Amino acid sequence: MNAPTLLGHVGAVSGSMISVRQFAGISSGIAIIGGRSYRVGQVGSFVRIPQGYHDLYGIIADVGATATPETLKDAAARGERWMTVQLVGEIVEAAFERGVSQYPSINDEVHLVTEADLEKIYGTSEAGQVTIGRLTAAESIPVRIDLDRLVTRHSAVLGSTGSGKSTTVASLLRSISSGQGDEKSFPSARILLLDVHGEYGKALRNVARIFRVNPTEGTEPLFIPYWAMEIGDLLNFLMGKSEEKALSGILDKIVDAKRAVATAANFPGFEVNSLTSDSPIPFSLKQLWFELIDPEIKTWLDQQRSQTAKTEDGDADALKQPQYPLPGAGSSPPFTNNVGVLSIRRQLALLRSRLLDRQYDFMLHPGKWEPKLDGSVEADLPQLLEGWIGHDRPITILDLSGIPSAVMTRLIGGILNIIYQGLFWGRELPAGGRKRPQLIVMEEAHRYLGKDGESPAREMVQRIVKEGRKFGVGAMIVSQRPSEIDDTILSQCGTFFALRLSNGSDRSKVQAALPDNLSGVIDSLPVLRTGEAIVIGEAARLPVRCRVTLPHENDRPNSGDPLVASAWSETQTKADYETLVAAWRAQNAKWKKPSTEGGQDGT
């Protein structure tokens, strides 16, 4: 008598792919086993192939006419029902292992996988695992991922708008930092989240330290010192394009300034012979501007250029240039300066404009990290890194919602450069990457990791995904448009959390990163429910479809849809557009009018 779990028999074997002839005795699409109903032959579900003392397991990739073996497509057997199965692992004795040590034979039985079988695969909890949700096909069984492989082999969370992407990320980070139920947590985790839209502060407030350009209650000011960023890209933003000769002169000035500061401050680890323009040593942009503008506008009283015609000294701190009379006509005094001239008046005007623009204060006037005119600073990089990744909470959120879009990619590139360089060079120290690994989560990654144009952020992330594993720096890419992300970055992601993806080009990008024979599983991406994901790759035991555990309603990101019908059915009241514009000007969505005492009310 046939077992109630029998689905069919092996009809053909081709490497890890097998064709299964469905058992003729199955008269419906539902099987009742042990009082539970199971859907038969569902794409993405598992099958078991007994092999004596151990069982092979596979995942159904294709069902029906398209699964019919090529050799039978014009034969009498064409009318039979077929399934294509991708072998993924085996249970030897009691332990599940990925990969197979042997292949099935023709006519071997193929069985439906029951909850008892799934319990053998997913039911055991091992050290270093994190529970992220429940199996879609058996919600009593938790889905766990390997934290080591999640971080060191990089990952991507991909899904269309409204698919539950932000909630999935929040749930995953909370599971790591706090655990689920009685599950073990990892309170000493070190996670940096780049929050482009300011969605996660509310969701992770009790496990995270939050930094924001325009701080609100419960957040701290975000500063990114310009002098720790890549100097070539910084100058491109501050001054625009310059001729090679002028750029060399500017870089020479910067190196001289950094050398003087480092020598005076006697920074630990500083060696004068290894100093470059990119060395993370403070220098004053105001002083640089002042020293560069002087030869551009200077005039002389005599032809020998021994007496300047200066009428006012100027003020570097106030960005006020020295005053000189204009050159005389022909051979009449005052005479034009011809020493140290780089012909960069336009570039220096742009630099001054940037320094005076208050929206860039977080970078160009970075609080305690802003150099004085002599280059000295109140706080240095150790204090910055300790504030970002050395505190007692497992998560750091850098809320970038107040950052001008013109500087977003440069800023993220600068942040990543500071983090990666510090952890790379200190990799063998207790605070370094190998002793305490770092996970960097990048929300809305398609905005700054695109394929086209120059992008400091993309170049830095490419380096992280290629080299970071060896130095304890992992990346998690979060995006609704994977087709727009650089191919090198996505190809290095070892684990994918694929939520609902409706766009064909986005699905094909995910499909390209997987074995061809699992295409049937990826074809189900458009019909996934909100908060449902297919987890594939290094951190997952098997490709699995799961329902991600939802955080408590008060611990979800501010990314939910507005209730349109409810809002539009209410009686309209007079709106306060004065406060709306004030919030816009303050770059603070929680802005409120000052209290009657005359002070700001704390938000």
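Tabulated data
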item	result
For segment 317-360: rounded, prolate or oblate by the Cα gyration tensor [a/c cutoff 1.5]	prolate
Helical contribution to [θ] at 222 nm, DSSP H n ≥ 4, -39,500 (n - 2.57), averaged over the chain, rounded to 500	-8000 deg cm²/dmol
For ILE440, distant residues with modelled amide H under 5 Å away	LEU192, GLY474, ALA475, MET476
Cut-off under 5 Å, modelled amide H: who pairs with LEU6 long-range	LEU112
Surface accessible to a 1.4 Å probe, per residue, for the residues of the chain, Å²	48
Whole-Hz couplings from phi, Karplus 6.51/-1.76/1.60, listed for segment 310-327; x for Gly and Pro	4, 10, 8, 6, x, 8, 5, 5, 8, 6, 10, 6, x, 10, 10, x, 5, x
Percent RCO, i.e. relative contact order, over the chain, from Cα pairs under 8 Å lying at least 6 residues apart	19
Accessible surface of segment 258-297 [probe 1.4 Å, protein heavy atoms]: carbon and sulfur percent	52
Using θ = phi - 60° and Karplus 6.51 cos²θ - 1.76 cosθ + 1.60, couplings along segment 103-109 (whole Hz; Gly, Pro as x)	10, x, 9, 4, 6, 4, 6
Those GluC sites (Glu not before Pro) in segment 100-176 that DSSP places in a loop and that have at most 13 other beta carbons within 10 Å	GLU126, GLU139
Residue-by-residue Karplus 3J(HN,Hα) for segment 202-207, coefficients 6.51, -1.76, 1.60, Hz, glycine and proline x	5, 5, 10, 4, 8, 10
5 angstrom amide H check on LEU222, placed H, neighbours 5+ away	ARG212, VAL213
Correct option for percent of Cα pairs over 33 Å apart [calculated from the coordinates] among (i) 59; (ii) 44; (iii) 56	(iii)
Of LYS241/LYS310; LYS368/LYS590; LYS184/LYS466; LYS184/LYS470; LYS165/LYS202, pairs whose Cα-Cα distance is over 19 Å	LYS241/LYS310; LYS368/LYS590; LYS184/LYS466; LYS184/LYS470
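The values are calculated or read from the model by the stated rules, or taken from the named source; none is laboratory data. Because the structure is a prediction, the values reported are computed rather than measured. Please note: Cβ atoms are built from the backbone with ideal geometry, for glycine as well, and neighbour counts cover all protein chains shown. We work out accessible area using only protein heavy atoms, side chains counted, and drop any ligands, DNA or RNA first. Shrake-Rupley method; radii C 1.70, N 1.55, O 1.52, S 1.80 Å.
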